[in-house]
């Protein structure tokens, strides 16, 4: 037999109807509201709309080399030396377009970027 006064008796703790009988009215919390206020000033949110990012490196690109132009050099001769075929001169020309405007006009002492061999 269950004992409604014994908290160790699982039958006395039932919340289902037919469990322990209590004639006291239940508390009514239906009209309860809550509000939280603070005396702390509301912080303005940070504006990151103008933030930009850029990553640069002073390290040369993997596989890229440099070559200092010698008297009598042509881009075709340099391409033959680095790539094994003279017809690859345009790779060197494109990699150095910032300093070479005419592929036939390179000067001794110019330091050219030699991009990695294209597969």
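The values are calculated or read from the model by the stated rules, or taken from the named source; none is laboratory data. In this text the structure is predicted, and so the values were computed from the model without any measurement. Cβ placement follows ideal geometry from the backbone for every residue including glycine, while neighbour counts extend to all protein chains displayed.
Quick check on residue 59: is it surrounded by 10 or more Cβ atoms within 10 Å (Cβ to Cβ), modelled with pLDDT under 90 and out of contact with any helix residue (DSSP H, G or I) (no Cβ under 7 Å at 6 or more places or on another chain)? Even if it seems obvious, please write down each step before you answer.
Working: surrounded by 10 or more Cβ atoms within 10 Å (Cβ to Cβ): no; modelled with pLDDT under 90: yes; out of contact with any helix residue (DSSP H, G or I) (no Cβ under 7 Å at 6 or more places or on another chain): yes.
Spelling it out, it is not the case that residue 59 is surrounded by 10 or more Cβ atoms within 10 Å (Cβ to Cβ), modelled with pLDDT under 90 and out of contact with any helix residue (DSSP H, G or I) (no Cβ under 7 Å at 6 or more places or on another chain).
Specify the residue that is surrounded by the most Cβ atoms within 10 Å (Cβ to Cβ); the eligible residues are those in the range 64-82 that are in contact (Cβ under 8 Å) with a residue 24 or more places away in the chain and out of contact with any strand residue (DSSP E or B) (no Cβ under 9 Å at 6 or more places or on another chain).
Of the range 64-82, the ones in contact (Cβ under 8 Å) with a residue 24 or more places away in the chain are 64-71, 73-75, 78, 82.
With the extra rule that they be out of contact with any strand residue (DSSP E or B) (no Cβ under 9 Å at 6 or more places or on another chain), the set shrinks to 70-71, 74.
Numbers: 70: 11, 71: 7, 74: 14.
Out of the qualifying residues, it is 74.
Taking the criterion of being assigned to a loop (DSSP other than H, G, I, E, B) and modelled with pLDDT under 90, would at least one residue in the range 63-80 satisfy it?
Taking the range 63-80 and keeping what is assigned to a loop (DSSP other than H, G, I, E, B), we get 63-64, 69-74.
Next, only the ones that are modelled with pLDDT under 90 stay: 63-64.
Yes - at least one qualifying residue is present in the range 63-80.
No other residue among 97, 38 is over 28 Å from the mean Cα position of the chain (by Cα), within 14 Å of residue 115 (Cβ to Cβ), free of Cβ contacts under 8 Å to residues at least 24 places away in the same chain and in a loop (DSSP other than H, G, I, E, B) apart from 97.
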